[in-house]
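Everything on this sheet refers to the single structure shown next.
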Amino acid sequence: TNRITTVTLNAAIDKTYYVPALDKGKVTRAEKVLSTAGGKGLNVARVLRQLGHAEVTATGFASGYNGQFITNRVKEAGIRSEFIEATGESRLCLNFIDGRDGSSTEVLEPGPTVSGEQIALFRDKLARLSAESSLVVFSGSLPGGMAADAYAELIALSRAAGADVFLDTSGEALVRGIAAKPTFIKPNEDELAALLPEGGSSDLRESLQKLMGQGLPIVVATLGAQGAVAGVDGRLYRIRIPKLQVVNTVGSGDSFVAGYAFAHVRGEAPADCLRYAAATGSANALTQTTGDVNLSDVHKLLSDISVEEWL
Ligand code: TA6
């Protein structure tokens with residue numbers, strides 16, 4: 001089976017507000033509001049479907065009326081919905097796009113705390129879903145109630161069930177999660193340094209090499225308009241993207257992960273996975289909706305992206 005399962009432990013309704021101007025202490029009226037099923041893993045799941053991956057399952061915690069909105073949207077997108085209901089209401093994540101310069105300002109709610117009983121139910125579900133998946137992608141922050149090393153434990157569980165594992169998170173959850181040696185991580189530039197015991201170096205190449213040396217096969221650092229740098233199976237790569245007519249960059253990191261996963265499960269070479277990932281991440285920035293790509297944009301972008309070995 002080529003099923004990909006994405007894990008969103010703190011699912012959200014992502015709301016994007018297009019406002020003429022966002023000024024602190026002032027009233028502004030939104031011109032347009034877009035609502036989607038969010039939290040990083042759900043963006044990955046949706047974009048995988050848009051790329052044409054048929055078998056996608058989404059799991060994690062979703063709660064209350066907001067949880068119902070989220071799971072309805074998931075099903076409408078052709079994704080198998082396997083969420084555990086937690087207590088309370090799933091969170092809202094707000095993104096205000098300022099009409100003057102197109103900049104994004106995000107406000108993310110903490111979301112509900114999960115109980116030990118709910119975590120146990122989730123573990124059982126994850127074990128079952130992992131056994132029928134070739135890849136499990138863990139994305140986003142941990143909800144209240146889950147320990148900082150939760151990802152390490154869940155990764156081990158998915159691995160034991162036979163699935164390959166990607167991890168895209170930040171902070172302490174990432175620092176502790178990498179102990180379980182996920183196949184793919186995507187730290188930002190600051191996190192790269194924080195992941196190395198000696199505080200790392202300012203040299204990106206050295207940081208990537210050290211992390212690969214720790215047994216992490218694929219390490220990618222995305223650099224916004226500058227593209228990305230990556231270490232894959234012992235080799236370093238530099239990825240450059242074209243200048244984009246940016247509309248909404250929120251979810252571009254998740255779209256990058258979806259693109260990489262899509263090519264990776266098809267056995268593509270590292271440079272091709274990186275090119276497909278960068279095209280998918282870039283395509284997301286061209287649409288108004290968070291975690292949303294047009295396949296035609298992805299295909300057009302592919303030829304404008306350069307992937308070179310970084311010698
Ligand atoms: O990557 C963007 C985004 O997925 C938003 O859509 C929003 O839901 C947020 O990240 C959530 O991030 P978190 O790490 O808290 O799960």
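Per residue, the solvent-accessible area of the chain (1.4 Å probe, heavy atoms of protein chains only, all protein chains present) comes to 42 Å².
Taking a straight line from the alpha carbon of K26, these lysines sit under 28 Å away, with near neighbours fewer than eight places off in the same chain left out: K15. Inter-label distance, R205 to E172: 3.6 nm, where each label sits 7 Å from its Cα along the C-beta direction. Largest to smallest in accessible area, the residues H53, H264, H299 fall in the order H299, H264, H53 (1.4 Å probe, all protein chains included). Note on E198: accessible area is roughly 110 Å² with a 1.4 Å probe, heavy atoms of protein only. For K243, the lysines whose Cα falls under 23 Å of its own Cα, not counting residues fewer than eight places away in the same chain, are K186, K300. The A225 and R100 beta-carbon pair, evaluated with R₀ = 25 Å, returns a calculated FRET efficiency of approximately 0.85.
Under the 0.36 nm per residue contour assumption, what length would be gained going from the current alpha-carbon distance of E308 and E117 to full extension?
Length gained, E308 through E117: 63.9 nm.
Magnitude of the charge dipole for the chain, about its Cα centre and with charges confined to Cβ atoms of Lys, Arg (+1) and Asp, Glu (-1), is about 520 debye. Gain on full extension, evaluated as 0.36 nm per residue between Q214 and R235 minus their Cα-Cα distance, stands at 6.1 nm. Taking amide H as placed 1.01 Å from N in the peptide plane, the amide H of R91 sits under 5 Å from that of I13, each at least 5 places away or on another chain. Solvent-accessible area of the chain (1.4 angstrom probe, protein heavy atoms only): carbon and sulfur portion equals 50 percent. Working from label points 7 Å from Cα in the Cα-to-Cβ sense, the K125 to V247 distance is 3.2 nm.
The values are calculated or read from the model by the stated rules, or taken from the named source; none is laboratory data. Everything numeric here is computed off the predicted structure, so don't read it as measured data. Methodologically, a virtual Cβ is constructed for each residue, glycine included, from the backbone with ideal geometry; neighbour enumeration extends over all protein chains shown. Protein only, heavy atoms only, side chains kept; ligands, DNA and RNA dropped before computing areas. Shrake-Rupley method; radii C 1.70, N 1.55, O 1.52, S 1.80 Å.
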